[in-house]
Each structure stands twice: as structure tokens, then as C-alpha cells.
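Written below as C-alpha cells is the structure these notes are about.
All of the numbers you see were taken from the coordinates with simple rules; none came from a lab. This one's a predicted model, so the numbers in the text were calculated from it and none came from an experiment. Ideal geometry is used to build each Cβ from the backbone, glycine not excepted, and the neighbour counts take in all protein chains shown.
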Amino acid sequence: MSSATPSDTSATSTTSATVSASAHRPASPPAGTESTLAPDPFGGPPVGVVRTFHPRRGRLSPQQQDAIERLWPTYGLPVDGKPRDPAALFGNGGPVVLEIGFGMGEATAAMAEAEPGVNILATDIHTPGIGNLLHLIEARGLGNVRIAEGDAVVLLTEMLPADSLAGIRVFFPDPWPKSRHHKRRLIRPGFAALAASRLAPGGTLHCATDWAPYAAWMLEVLEAEPALANTAGPGGGYVPRPDRRPMTRFERQGLAKGHEVADLIFRRV
Ligand SMILES: C[S@@+](CC[C@H](N)C(=O)[O-])C[C@H]1O[C@@H](n2cnc3c(N)ncnc32)[C@H](O)[C@@H]1O
């Protein structure tokens with residue numbers, strides 16, 4: 001990732017890694033993920049065809065810009081479609097968990113600090129957040145975080161092998177509340193199948209949201225995926241909030257609005 005100037009920070013900006021990542025949209029889902037093309041009961045197009053985010057502009061603070069210039073070569077991975085062994089990014093033999101949409105990265109840094117034996121591959125497309133997380137990595141001496149800049153769907157479909165992840169964490173994904181935007185939701189049947197295929201058997205997909213209709217949607221989508229089993233037990237439904245999930249920025253905002261938070265944890269069978 002080359003450094004971005006303060007006026008040049010959107011996902012469609014002229015920074016080379018950013019352009020390559022956001023321009024890298026598969027025209028059709030890659031081989032091996034055909035099951036994701038099963039008719040979508042939620043009426044959306046196949047996963048990977050419609051992006052789950054709008055490119056956002058955001059100014060880099062001097063601290064974020066400095067962190068990107070100095071630290072990106074060490075901790076960064078462009079989402080360029082080239083297959084990668086996630087364990088090799090860390091080289092310590094520990095399990096790798098993918099966090100999708102880390103925002104400003106505070107929760108990522110807190111999890112990495114609390115679980116030093118777990119490697120976190122954190123992905124987002126938001127450049128200021130990437131700068132912020134790089135700063136946190138250095139400030140807290142975190143050796144178990146790497147950052148992938150780009151679309152998590154591309155990262156999963158084209159770069160990460162089957163059975164390679166111990167976990168996938170998706171905390172407060174954009175809820176896309178309007179029905180005409182539901183097709184942009186990350187958690188959809190095709191995504192559930194894709195995520196399950198990248199998890200090692202026994203690995204977990206942990207989602208949390210403060211948007212009740214999205215929580216119900218997630219439950220329906222994940223319950224319908226045969227390669228995933230709900231850890232909530234025979235009754236199904238949501239799980240109690242796990243202690244190890246730190247409070248995130250979007251969670252705090254949701255709670256301030258009086259929203260209830262739902263956690264869902266499914267295990268790859
Ligand atoms: C609502 S924010 C939540 C951020 C953080 N997890 C929190 O709880 O504070 C959702 C984040 O997901 C990112 N995002 C959305 N779609 C993504 C995708 N396909 N790949 C990577 N990041 C994505 C957005 O850029 C944004 O930072």
C-alpha cells in the first residue's frame with residue numbers, strides 16, 4: 001500500500017493498492033464456489049457480484065498517514081487475488097482468525113492483546129481505519145495482527161484456501177436496512193457457503209449486530225447452510241454475548257440508540 005495524501009483516501013483514490021483492491025471485482029464467482037450460486041431465497045444476486053460497501057472518502061490524520069507509510073510494508077496484504085497461505089503471513093504456527101470489517105480497529109487490537117496465541121487477519125477497505133490499526137499494532141507491540149486491504153469476499157474466494165481459518169468474525173456489518181439494499185448485505189446464503197468452505201472443520205463463524213431485522217436474517221441464512229451448525233444448542237437462536245468479544249465502536253453507537261445486540265456463533269461441521 002503506498003501512502004495516501006489527506007485528500008486522497010477513498011477506496012477509489014489513486015493509491016496503488018487501493019485502486020487495485022477496489023477495482024478487483026470478479027465478473028463471476030470463481031471455480032469451486034458454484035454452490036454459492038444456488039437460488040438466493042433473499043432475492044439477491046450471487047455473492048461477489050454486488051459489493052457490500054460503498055467506497056468512502058475519509059481524511060487521514062497525520063498519525064494514520066505516518067503509520068501507513070512506515071508500517072504497511074510489514075503488516076499489510078493487498079487484496080490482489082493472488083492465493084496466499086494465511087498461516088505463512090504470521091509464521092508462528094498459531095491459528096488464524098479472519099476479522100471482516102474492523103472499522104477503526106480498536107476491537108481488533110483488544111482481541112489481539114487478550115489472545116496473543118491467536119493470529120488475526122483483519123480486513124477492511126477504509127483507509128483511515130487501516131492507518132489507525134497500524135498505529136495500534138505498533139503502539140501496543142502486537143505481533144499477531146496482519147491487515148488485508150480490500151473486499152473480504154475477494155479475499156475469501158480468490159486468496160484463502162479451503163479449511164484454512166480457525167474462525168471468521170464479522171462484528172456489526174453494515175445492516176443495509178432498506179429492502180432495495182438487502183442485496184448488499186454481507187451475510188447472505190452465498191457468503192455463508194463461502195465462509196464455511198474456508199473454515200477448518202470445527203472453526204467458528206461469529207457474527208454480531210445491533211440491527212434486529214439483520215439479526216433475524218443472519219439466523220435464517222446461517223441456519224440454512226448445511227456446513228454450519230448453531231452453537232446455541234438444540235433450541236437454536238442467538239448465543240449470550242461472549243466475554244472475549246470487545247465492545248466495538250458501532251456496538252456502542254447502537255446501544256446508545258437503545259438497540260439490542262445479538263451474537264451468533266456457528267461451527268463448521
Ligand atoms: C458498520 S462498520 C463496523 C466496524 C466495526 N466492526 C465496529 O463494530 O465498530 C462495517 C465495516 O465493514 C467494512 N466492510 C464492509 N464490507 C466489507 C467487505 N466486503 N470487505 C471488507 N470490509 C468491509 C466497512 O468498510 C466498515 O468499516
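Observations on the model:
- Long-range amide H partners of Glu149 with built H, under 5 Å: Leu77, Val79
- Farthest toward the positive end of the dipole of segment 147-269, out of Phe172, Ala200, Leu222, is the Cα of Phe172, where the dipole comes from beta carbon charges about the Cα centre.
- Counting DSSP beta bridges with both ends in segment 113-251, the antiparallel % (nearest 5): 0 percent
- Converting phi to 3J(HN,Hα) with the Karplus coefficients 6.51, -1.76 and 1.60 and the offset θ = phi - 60°, segment 164-170 yields 9, 10, 7, x, 10, 10, 10 Hz in sequence order, with x at every glycine or proline.
- The packing ranking of peptides 263-269, 176-182, 113-119, highest mean first, is 263-269, 113-119, 176-182, where packing means the average number of other beta carbon atoms within 10 angstrom of each residue.
- Amide H within-cut-off set for Arg169, under 5 Å, with H built and near neighbours excluded: Leu98, Glu99, Ile100, His206
- Evaluating 6.51 cos²θ - 1.76 cosθ + 1.60 at θ = phi - 60° for every residue in segment 140-147, the Karplus couplings come out as 9, x, 8, x, 10, 10, 10, 10 Hz, glycine and proline recorded as x.
- For segment 93-197, a crude dipole built from +1 on the beta carbon of Lys and Arg and -1 on the beta carbon of Asp and Glu, taken about the Cα centre, is about 580 debye to the nearest 20.
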